[in-house]
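Okay, so here's the structure we're looking at.
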Amino acid sequence: MMISVIIRAKNQAEALAFSLRNLTERYSDDVDEIIVIDNLSSDNSEVVTKQYGAQFVTIENFSYGGSANFAAQQTKCPIVVMFSAHSYPVSHDFFKLIKEKFQNNSNLAGLRCLHNPNDYKNFINKVSTKEDPNKSGLIFSGSAFSRNVWEKHPFREDVATFEDKEWTTRVLKAGYDIELVASIFCYQIQRTKKQLFFRFKNDMVGNYQLWHQDVSFFSASKVVLMSLFKVFKHGCVDIWYAILRYLYTLKFLFNKPDKF
């Protein structure tokens, strides 16, 4: 039971190079194919991809659900593992545990791997996906899914974001299983303010579409006021400790300890 690895990327050649090196050096026996789904990058992502013997496929009209469907269409293995360029497996048995889970459960649709304390706590506390499909459902920057189940239940392309969580909820209702697996990966990204705002807009629409989280004038105003207060508070704290560091440095200049 081999695995197809999909990496969605755009202008992340440096991160992509590390991810591909990691996959080809540590997990070559576990992975049958690696495919980079690139959204019109202007850097040397294609060159990097081919250096590591991976396939490079371009997608022009990007959407989260649409790119996930497009990515799955390129694969040939029964298990598909999805990453972003800035995420990569860490544990030595990452893919072996995924294979074992699918081999032991023919009803399995997908697996959420672990990348942060909340994931690990949910795994240890056995918080099932059925209890909380948001916290324990798939996240398409380090999750595995069954290609066979995807063929029957493709990802929706009309959701702004959370295409992974929507799919999780839908396949659970269809009677399939989704579980957590102790396969550890790293999710490392530093977003610009512009990227964070783009994510904020999609998350607001996605939360309304999937979880019916509405927004009122009062709640929006409250969020803005709380954000401004946090900025002011953190600014004051930073200034205070900058002053303390300066005063301590002056004290140190006039009262240095003996050297060893």
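The values are calculated or read from the model by the stated rules, or taken from the named source; none is laboratory data. What you see is a predicted model, and the numbers here were worked out from it, not measured in a lab. Neighbour counts are summed over all protein chains in view; Cβ atoms, including those assigned to glycine, are modelled from backbone coordinates with ideal geometry. Each accessible area value is taken on the protein alone, full model and side chains, heavy atoms only, with ligands, DNA and RNA left out. Shrake-Rupley method; radii C 1.70, N 1.55, O 1.52, S 1.80 Å.
For the listed residue pairs Lys126/Lys233; Lys96/Lys130; Lys50/Lys126; Lys99/Lys126; Lys76/Lys173; Lys99/Lys173, the alpha carbons are over 29 angstrom apart in Lys126/Lys233; Lys50/Lys126. Between the Cα long axis of helix 13-26 and the first principal axis of the chain there is an angle of about 60°, rounded to the nearest 10. Scattering from segment 198-260 was approximated by placing one identical point on each alpha carbon and applying the Debye formula without solvent; log10 I(q)/I(0) at 0.11, 0.23, 0.29 1/Å stands at -0.54, -0.98, -1.13. Accessible surface for the chain, divided over its residues, is 60 Å² per residue with a 1.4 Å probe.
Looking at segment 86-219 from every direction and averaging, what is the projected area of its Cα convex hull in nm²? For segment 86-219, averaging the hull's shadow over all directions gives 9.5 nm².
May I ask you to derive the FRET efficiency for Lys152 and Phe218 from their Cβ-Cβ distance with R0 = 35 Å, giving the value to the nearest 0.05? The formula returns an efficiency of 0.20 here. Here the chain exposes an accessible surface that is 57 percent carbon and sulfur, computed with a 1.4 Å probe and the other protein chains kept in place. Residues whose amide H lies under 5 Å from that of Val90, counting only those 5 or more places away or on a different chain, are Ile184, Phe185, Cys186; hydrogens are built 1.01 Å from N in the peptide plane. Expressed per residue, the C-alpha convex hull volume of segment 106-154 stands at 86 Å³.
The trypsin sites (Lys or Arg not before Pro) found in segment 1-94 that occupy coil by DSSP, while having at most 14 further C-beta atoms within 10 Å, are Lys76. Take the chain and mark each of the GluC sites (Glu not before Pro) that is in a DSSP loop with at most 13 other Cβ atoms within 10 Å; the longest unmarked stretch, sites excluded, is 132-260.
Taking the empirical scaling 2.2 N^0.38 Å for compact globular proteins as reference, segment 1-52 has a Cα radius of gyration ratio of 1.10. A viscosity of 0.692 mPa s and a temperature of 37 °C, combined with the Kirkwood radius over C-alpha pairs in the Stokes-Einstein formula, give segment 62-137 a diffusion coefficient of 230 µm²/s.
Rounded to 0.05, the FRET efficiency of the Ser28 and Lys173 pair, given R0 = 45 Å and the Cβ-Cβ distance, is 0.75. With helices as the sole contributors, the chain gives -15500 deg cm²/dmol at 222 nm; each DSSP H run of n ≥ 4 counts as -39500 (n - 2.57), and the sum is divided by every residue.
About its Cα centre, the dipole of segment 171-260 is roughly 560 debye, where the only charges are +1 on Lys and Arg Cβ and -1 on Asp and Glu Cβ.
Couplings for segment 179-185, taken from phi via the Karplus curve 6.51 cos²θ - 1.76 cosθ + 1.60 with θ = phi - 60°, read 10, 8, 9, 7, 9, 9, 9 Hz in order; Gly and Pro are left as x.
Between helix 163-173 and the chain there is an angle of about 50 degrees, using the helix long axis and the longest principal axis of the Cα atoms. Assuming charge only on the beta carbon of Lys and Arg (+1) and of Asp and Glu (-1), the dipole of the chain about its Cα centre is about 1060 debye to the nearest 20. Taking a ≥ b ≥ c as the square roots of the eigenvalues of the Cα gyration tensor, segment 22-86 is oblate, since a/c reaches 1.5 or more and a/b is not larger than b/c. Entry note, segment 1-49: relative contact order of 59 percent, from Cα contacts under 8 Å with a spacing of 6+ residues.
For Lys201, the lysines whose Cα falls under 25 Å of its own Cα, not counting residues fewer than eight places away in the same chain, are Lys10, Lys135, Lys165, Lys193, Lys222, Lys230.
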